[in-house]
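A.B. asks: Supplied in structure tokens, the structure appears directly below.
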Amino acid sequence: MSVTANPPRWAEALLRALLKPGDFEGVSGDLLEQYRDSIHPARGQLRADWWYATQVFTFVSPGIRLFAALFSAQFLVRTATDWFQPPATFFFRSTISTALGIGILVTAGFWAAWRSGSFATGALAGTLTAGIASIASIAGAAVMLAVWHDPQTMAAIRSSGGFAEVISLPLFMVLPGALLGACGGIASAVLKKLLA
Amino acid sequence: MADILGTFEQAVLLSVLRLGEDAYGRAILRGVQERLDRDVAAGAVHATLERLAKKGLVASRLGTGTPMRGGRARRFYKVQAKGVRALNDARATANSLWHGFGWPLKGYF
């Protein structure tokens, strides 16, 4: 038992951002109590920090997970159509998938900010949506590649930008995710003001 | 009839009821894990308590902090009359569903 052991600051900051202001004290106190009382003495600093971080992620709302699943699904559908039905030009598909992606991230930000009453939550929602979706998208694309890697599909992958692009694109969406989520958050704050 | 409770909601409410005055987040989490005999995410219990509070089935108040908690207060939960009614209804529904069957089920396959 150690009353001086502390979990990572970033994880506490993330927990604060995920919870309603009135809930932070009780929830973070519970986690800190367990961290200091049983987890840290039994597992040591590194594994206790990992435990704390995983606990914090359980507070990501199901709504964010749903938006992440939608974002990931649209990315994988786009990837699959590029691989199996390569077009002459990618412009139309790019426009559609970009619009869909922007729409999902802005809506995630709007929804989270509407619920919490804080526009900053919108930015966090956008970041988390894009972050979780990037992991799911990369994993999904890797599975697709493991199943379909015949010469024809490999040629289609190369002509659509290569597998490196499939891996990197979802990761590059995290920062825009924060910005688009913030836009949704601002839109939510403005609408709330107008309705009030 | 009051709200129809899911299994997880019943586990949370029963843990709060069993803990009485000591029903705060970490103790409830432990109670739910024991009741369901599996690992349960802290976030899932928190979300359920929030939902139950919104429905008026539980109420909460902040207690005092301890050094172990970095001075942060415990939030204590208490089952409300509406919560007890919902639990009774859930039990009655289960009993009614199982009427005419022995337990464990035997001889159907």
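A.B. asks: Kindly indicate which of A:93, A:158 is in a helix (DSSP H, G or I), open to solvent by 20 Å² or more (accessible area, probe 1.4 Å) and touching a Lys or Arg at 6+ places or on another chain (Cβ under 7 Å).
C.D. replies: On the way: A:158 fails: touching a Lys or Arg at 6+ places or on another chain (Cβ under 7 Å).
None of the others qualify; the one that does is A:93.
A.B. asks: Condition check: within 24 Å of the chain's Cα centre (by Cα), of a type in the set (Val, Ile, Thr) and either closer than 21 Å to residue B:50 by Cα or modelled with pLDDT of 95 or more (or both). Does residue A:54 satisfy that?
C.D. replies: Numbers: within 24 Å of the chain's Cα centre (by Cα): yes; of a type in the set (Val, Ile, Thr): yes; either closer than 21 Å to residue B:50 by Cα or modelled with pLDDT of 95 or more (or both): yes.
Spelling it out, residue A:54 is indeed within 24 Å of the chain's Cα centre (by Cα), of a type in the set (Val, Ile, Thr) and either closer than 21 Å to residue B:50 by Cα or modelled with pLDDT of 95 or more (or both).
A.B. asks: Within region A:17-39, count every residue that is surrounded by 15 or more Cβ atoms within 10 Å (Cβ to Cβ) and more than 11 Å from chain B (Cβ to nearest Cβ). Give the derivation first.
C.D. replies: Kept after step one, since they are surrounded by 15 or more Cβ atoms within 10 Å (Cβ to Cβ), are these residues of region A:17-39: A:17-19, A:23-37, A:39.
Still in the list and also more than 11 Å from chain B (Cβ to nearest Cβ): A:17, A:39.
Number of matching residues: 2.
A.B. asks: For region A:42-95, which positions are within 14 Å of chain B (Cβ to nearest Cβ) and either touching a Cys at 6+ places or on another chain (Cβ under 6 Å) or farther than 26 Å from residue A:17 by Cβ (or both)?
C.D. replies: none
A.B. asks: Does region B:6-25 hold any residues that are charged (D, E, K, R) and closer than 14 Å to residue B:50 by Cβ, and which are they?
C.D. replies: Of the residues in region B:6-25, the ones charged (D, E, K, R) are B:9, B:18, B:21-22.
Listed by number, the list holds a single entry, B:9.
A.B. asks: If you don't mind, another one. Is it true that some residue in region A:72-81 is over 30 Å from residue A:143 (Cβ atoms) and among the hydroxyl-bearing types (Ser, Thr, Tyr)? Step through it out loud before you land on a result.
C.D. replies: From region A:72-81, those over 30 Å from residue A:143 (Cβ atoms) are none; that's our starting set.
Taking every residue of region A:72-81 in turn, none turns out to be over 30 Å from residue A:143 (Cβ atoms) and among the hydroxyl-bearing types (Ser, Thr, Tyr).
A.B. asks: Could you please find all residues in region A:105-135 being touching a Gly at 6+ places or on another chain (Cβ under 7 Å), hydroxyl-bearing (Ser, Thr, Tyr) and open to solvent by 10 Å² or more (accessible area, probe 1.4 Å)?
C.D. replies: Correct list: A:107, A:121, A:127.
A.B. asks: Residue B:105 fails exactly one of the following numbered conditions: (1) under 15 Å from the mean Cα position of the chain (by Cα); (2) surrounded by fewer than 17 Cβ atoms within 10 Å (Cβ to Cβ); (3) at pLDDT below 95. What is the number of that condition?
C.D. replies: Unmet condition: (1).
A.B. asks: Taking region B:63-77 as the search range and keeping residues that are within 17 Å of the chain's Cα centre (by Cα) and more than 8 Å from chain A (Cβ to nearest Cβ), which one is nearest to residue A:3 (Cα to Cα)? Working first, answer last.
C.D. replies: Filtering region B:63-77 for residues within 17 Å of the chain's Cα centre (by Cα) gives B:75-77.
Those still in the list that are more than 8 Å from chain A (Cβ to nearest Cβ) too: B:76-77.
Details: B:76: 22, B:77: 25 Å.
Selected residue: B:76.
A.B. asks: Of all residues in region B:41-62, count the ones that are at the interface with another protein chain (Cβ under 9 Å from one of its Cβ atoms) and outside any helix (DSSP H, G or I).
C.D. replies: 3
A.B. asks: Only one of B:83, B:71 is at positive phi and open to solvent by less than 80 Å² (accessible area, probe 1.4 Å). Can you tell me which?
C.D. replies: On the way: B:83 fails: at positive phi.
Every option except B:71 fails the conditions.
A.B. asks: So is residue B:51 within 21 Å of residue A:36 (Cβ to Cβ) and surrounded by 15 or more Cβ atoms within 10 Å (Cβ to Cβ) or not?
C.D. replies: Working: within 21 Å of residue A:36 (Cβ to Cβ): no; surrounded by 15 or more Cβ atoms within 10 Å (Cβ to Cβ): yes.
Criteria not met by residue B:51.
The values are calculated or read from the model by the stated rules, or taken from the named source; none is laboratory data. Computed from a prediction, not measured in an experiment: that's the story for all the values here. Quick reminder, even Gly has a Cβ in these numbers, built from the backbone with ideal geometry, and neighbours come from all protein chains shown. Side chains are part of the model used for accessible areas, which takes the heavy atoms of the whole protein and leaves out ligands, DNA and RNA. Shrake-Rupley method; radii C 1.70, N 1.55, O 1.52, S 1.80 Å.
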